[in-house]
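Below is one structure, written out as structure tokens; the observations come after it.
The values are calculated or read from the model by the stated rules, or taken from the named source; none is laboratory data. Because the structure is a prediction, the values reported are computed rather than measured. With ideal geometry, Cβ positions are generated from the backbone for all residues, glycine too; neighbour counts draw on all protein chains shown. Each accessible area value is taken on the protein alone, full model and side chains, heavy atoms only, with ligands, DNA and RNA left out. Shrake-Rupley method; radii C 1.70, N 1.55, O 1.52, S 1.80 Å.
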Amino acid sequence: QVQLVESGGGLVQAGGSLRLSCAASGSISKINTMRWYRQAPGKLRELVAAITSGGSTNYVVAVKGRFTISRDNAKNTVYLQMNSLKPEDTAVYYCNADLWRLAGDRLYDYWGQGTQVTVSS
């Protein structure tokens, strides 16, 4: 099976920076797209950033210019560099990946457990 393990969440003051990491492990053949979602209290989960296997990226307008998503294919890891953080960035951040498993014939979708990011004013 496959697991996604996140790290890097925490408490930071407005204007500060934080770097999230998510490492995939297990019976993986190839990872397709990797994504970061977030969910604030009382809000729906939203897509924050995505990066394809070819390196193409997309961001929600609210974080564009402040956040950068990247990946290290050798480590099966995706990163989210968050700069100029604002209180409205406070949320639980979730890592997501769709991938081909060993001995599989279709894409599978996996989620991390989530990591709390809190930005104080």
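Tabulated data
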item	result
Qualifying residues in the range 44-81 (those that are of a type in the set (D, E, K, R) and farther than 23 Å from W100 by Cβ) - the one least open to solvent (accessible area, probe 1.4 Å)	R66
In the range 36-52, the residues that are over 16 Å from V117 (Cβ atoms) and under 11 Å from the mean Cα position of the chain (by Cα)	A50, I51
Residue in the range 6-17 that is over 10 Å from the mean Cα position of the chain (by Cα) and of a type in the set (D, E, K, R) present	no
Per-region count, the range 72-113, residues over 18 Å from G15 (Cα atoms), among the basic types (K, R) and touching a residue at least 40 places away in the same chain (Cβ under 8 Å)	2
Residue count, the range 82-117 (criterion: part of a strand (DSSP E or B) and either of a type outside the set (V, I, T) or surrounded by fewer than 16 Cβ atoms within 10 Å (Cβ to Cβ) (or both))	17
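Residue by residue, here is whether (1) in a strand (DSSP E or B); (2) among the β-branched types (V, I, T); (3) crowded, with 18+ Cβ neighbours inside 10 Å holds:
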| site | (1), (2), (3) |
| --- | --- |
| L11 | yes, no, no |
| G16 | no, no, no |
| L20 | yes, no, yes |
| K30 | yes, no, no |
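For every residue, the table says whether it meets (1) touching a strand residue (DSSP E or B) at 6+ places or on another chain (Cβ under 6 Å); (2) closer than 18 Å to Q113 by Cβ; (3) outside any loop (DSSP other than H, G, I, E, B); (4) not polar (S, T, N, Q).
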residue: A23; (1), (2), (3), (4): yes, yes, yes, yes
residue: T33; (1), (2), (3), (4): yes, no, yes, no
residue: G54; (1), (2), (3), (4): no, no, no, yes
residue: I69; (1), (2), (3), (4): yes, no, yes, yes
